[in-house]
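A short write-up of the structure that comes next.
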Amino acid sequence: MRFNGFHHIGLWVKDSEKSLDFYTKGLGGTVTFSFPMGDSGKTVYLVDLGENAVIEIIPLGDGAEEINAHWAHVALRTGDAQAAYDAAIKAGALSRTAPSDVQLGSMAVRNAFVLGPDNEVIEFFQVKG
């Protein structure tokens, strides 16, 4: 198992349009992918800031209010999400979501989530095909 850098860093936001404008118009990023957030009617955006520095803008889906946005998770790009998940569990991580195949719009991925030692959320992200 080997990691190939970060795939993206997920950011929970209160106002996705405001955040999208900030990261695209303000910082010069480009929306490289978007997909619906379940049945919420909201959209998740991947914004590339250059050199594969990608921010995933995730709207709060349940109407929850927060004082500040915060990073939702760090996604590590890998060619084998299952092996990464197994290694993390063996090292003491707690499972949050076991590896599964997911269709994110037109992007097929296999991903898994674990909680690290300080309850940080780590996603293992394998793009398929």
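Details
- Full-stretch length increase - S106, K25 - with 0.36 nm per residue and alpha-carbon distance subtracted: 26.7 nm
- Exposure proxy order (Cβ contacts within 10 Å, fewest to most) of F124, F3: F3, F124
- Within straight-line cross-link reach of K25, lysines at Cα separation under 30 Å, skipping those fewer than 8 residues along the same chain: K14, K42
- Using only side-chain charges placed at the Cβ, +1 for Lys and Arg and -1 for Asp and Glu, the dipole size of the range 3-127 relative to its Cα centre rounds to 180 debye.
- Long-range Cα-Cα pairs in the chain (distance over 17 Å), rounded percent: 60
- By the beta-carbon count within 10 Å of each Cβ, the least crowded to most crowded order of S106, S100, fewest first, is S106, S100.
- Given R0 = 25 Å, the distance between the Cβ atoms of L49 and D15 translates into a calculated FRET efficiency of 0.85.
- Rounded FRET efficiency, nearest 0.05, which uses the C-beta distance separating N119 from D86 and R0 of 22 Å: 0.65
- Summary: within the chain, the longest segment free of GluC sites (Glu not before Pro) located in DSSP loops with at most 16 other C-beta atoms within 10 Å is 67-119.
- Rounded to the nearest 500, the helix-only mean residue ellipticity at 222 nm of the chain stands at -3500 deg cm²/dmol, with each DSSP H run of n ≥ 4 adding -39,500 (n - 2.57).
- The range 3-127, relative contact order [Cα under 8 Å, separation at least 6], %: 26
- Least to most buried among W71, W12 (fewest other Cβ within 10 Å first): W71, W12
- Degrees separating the helix 81-90 axis from the principal Cα axis of the chain, which is the longest one: 70
Read-outs throughout are calculated quantities, based only on the coordinates presented, and are distinct from any laboratory measurement. Bear in mind that the values here come from a model prediction, so they are computed numbers and not experimental data. Cβ atoms come from the backbone with ideal geometry, glycine included; neighbour counts cover every protein chain shown.
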